[in-house]
1. List the residues whose amide H sits under 5 Å from the amide H of residue A:59, counting only those 5 or more places along or on another chain, with H placed 1.01 Å from N in the peptide plane.
2. Taking each residue in B:180-193, count the Cβ atoms of any other chain within 10 Å of its Cβ, then average. What number comes out?
3. Select from the range B:175-240 those chymotrypsin sites (Phe, Trp or Tyr not before Pro) which occupy a DSSP coil region and have at most 10 other Cβ atoms within 10 Å, ordered by residue number.
4. Hey, if you put +1 on the Cβ of every Lys and Arg and -1 on every Asp and Glu Cβ in the protein assembly as shown, which of B:43, A:150, A:273 ends up farthest toward the positive end of that dipole?
5. Please arrange B:200, B:102, B:94 by counting, for each residue, the other beta carbons lying within 10 Å of its beta carbon, fewest first.
6. Rounded, prolate or oblate: pick one for the range B:52-225, where a ≥ b ≥ c are the square roots of the eigenvalues of its C-alpha gyration tensor, a/c under 1.5 means rounded, and failing that, prolate if a/b is larger than b/c, else oblate.
7. For chain A, calculate the relative contact order in percent as a whole number, restricting contacts to Cα pairs under 8 Å that are 6 or more residues apart.
8. How do A:249, A:229, B:204 line up, fewest other C-beta atoms within 10 Å first?
Amino acid sequence: MIVNEKQQGIDRIISLLFWFVPLLITAIFIWILGDIVRGGIGQLNWAFLTTAPIDTGRQGGIAPILVSTLLILGVCLVVSLPIGIGTAILLAEFTSNSNWFGRLVRRSLDVLAGVPSIVFGLFGNAFFSKTLGLGFSILSGGLTLACMVLPILIRSTEAGLSAVPIEYRLSSASLGISRTSTLWHLLLPAATPGLLVGLVLGIGRAIAETAALIFTSGYVDRMPTSLLDSGRSLSIHIFDLSMNVTGGDANAYGSALVLILILLLINAIAAWLASKYNRSL
Amino acid sequence: MVLILGFLLREALPILQSVGIKAFLTDKTWSPSQQSYNLVPMIWGTLFTATGAVLLATPLGIISALFCQYYAPKAIASGYRRLIELLAGIPSVVYGFWGLVVLVPLINQLHPPGTSLLAGILILTLMILPTIALVADATFAEVPQAYLLGAAAMGLSSWGTIWQIILPASKSGLFTGMILEIGRAIGETMAVLMVCGNVVQTPDSIFAPVRTLTANIALEMAYALDNHRSALFVSGLLLLSVIILLAIAAELVKWDRV
């Protein structure tokens with residue numbers, strides 16, 4: 001035996017450590033989740049979801065906040081989906097890897113994906129709220145989020161398109177089908193799963209976002225009447241309740257639980273889509 | 001991208017012209033109402049919280065990844081991987097909220113006032129751990145099977161294999177993971193804002209409250225006007241430049257590998 005006793009001793013200690021760290025992290029995870037569920041489950045009922053907040057959120061529910069969140073998300077998707085898919089098609093089908101333009105766009109997208117959300121918030125405030133005169137509104141919040149989500153959306157759609165086998169394109173060309181209809185009838189359907197995964201990830205990121213929204217979509221917790229109204233998203237509601245409203249903790253727990261449930265659902269959908277996608281390949 | 005940089009520059013320019021870059025480093029304090037724009041305490045705040053969190057999260061993340069790849073039975077490994085992914089999906093406000101109602105009171109018992117550099121570091125560690133763990137996991141999965149077989153054939157202990165074969169082989173992937181992780185730590189706003197106490201000062205102990213660059217923007221943007229507003233855009237610009245530099249660094253690491 002080359003492995004002597006001292007080495008075996010070290011090995012054993014290291015193994016213990018390697019089991020201990022994941023256990024610790026799992027414990028913390030359960031601690032966080034358990035705490036939110038324990039604190040929030042008492043708040044969670046139908047009335048909480050369907051009534052307006054009373055007394056700056058100490059009492060009452062989160063109905064207008066849910067509506068604002070959905071509207072912001074809707075604006076974000078309506079804007080980012082066409083731009084995102086268009087750019088991805090351009091990158092994957094019409095520019096090669098060595099093309100300088102394609103490379104430049106890809107690099108900037110990677111950098112954009114890493115830009116802190118607060119910087120997106122600053123930009124959204126300067127561009128959408130001030131320069132375009134949209135003010136603090138659901139529209140400027142949604143547009144800011146669209147900028148944030150675009151990199152994820154484009155990259156995963158592009159990955160989906162590149163995964164389509166080259167034979168599809170060749171045989172379609174040999175049948176004399178035009179490039180556009182190849183794209184429309186063959187490539188896009190084949191790339192749909194990748195697109196969906198990107199979409200779901202993007203929605204997840206958008207719903208969780210707070211910093212970019214504080215000074216673009218605003219704080220107002222009324223029921224929004226139009227897209228130009230200021231509306232408060234779920235994540236801002238949690239932030240506000242726990243930081244600025246004393247005695248708002250109970251409802252903050254409730255809102256946090258709602259937010260986590262939505263995210264878990266989105267996560268499950270993403271995992272399900274990804275596994276379906278992998279099987280079909 | 002160009003649009004964003006352009007607008008940040010445009011909004012930041014008035015103050016850069018009227019006060020000059022030096023003012024941000026040499027003014028006495030951060031009190032924009034008195035024309036005094038010292039960003040240094042906030043830069044230290046960002047630096048300390050980010051460094052602390054990266055130092056804690058990197059070993060934990062790498063150990064988690066090694067655990068998934070080499071130690072855990074398959075079922076546990078995939079379960080644990082899902083858990084890390086979920087951890088990555090928890091929104092930062094929820095981390096911040098949890099830190100505020102659970103962690104801060106705990107630290108307060110240890111050493112008041114609770115909202116502190118330490119709380120910020122711990123919360124950030126939790127938030128960036130999934131990043132490094134997932135990247136490291138993917139990197140370890142790419143270490144050629146032949147290396148492992150060779151190591152086993154030479155009778156290396158499992159720790160010896162990890163230390164001398166696997167870690168060196170996946171060095172560049174781990175660096176990329178670290179760079180991503182640093183970027184997230186610097187850019188994080190809400191969680192840090194909620195647990196750090198937000199006092200503008202260069203922290204003198206781990207229990208002292210700090211304010212980071214990002215928290216400063218989020219706190220004051222709502223009422224900032226004119227030069228004050230521009231000063232906040234300057235800090236945004238600073239953050240953006242750091243992120244771009246990190247991206248270039250990541251590119252160099254990748255390039256080095258090829």
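1. Amide H neighbours of residue A:59, under 5 Å, 5+ apart: A:54.
2. 4
3. Passing both the DSSP loop test and the Cβ count: B:223.
4. Result: A:273, furthest along the dipole toward the positive end.
5. B:102, B:200, B:94
6. Prolate, because a/c is 1.5 or more and a/b exceeds b/c.
7. 27
8. Going from sparsest to densest Cβ surroundings: B:204, A:249, A:229.
Each value in this text was obtained by applying a stated rule to the coordinates, not by laboratory testing. Because the structure is predicted, anything quoted here is derived from the model rather than measured. With ideal geometry, Cβ positions are generated from the backbone for all residues, glycine too; neighbour counts draw on all protein chains shown.
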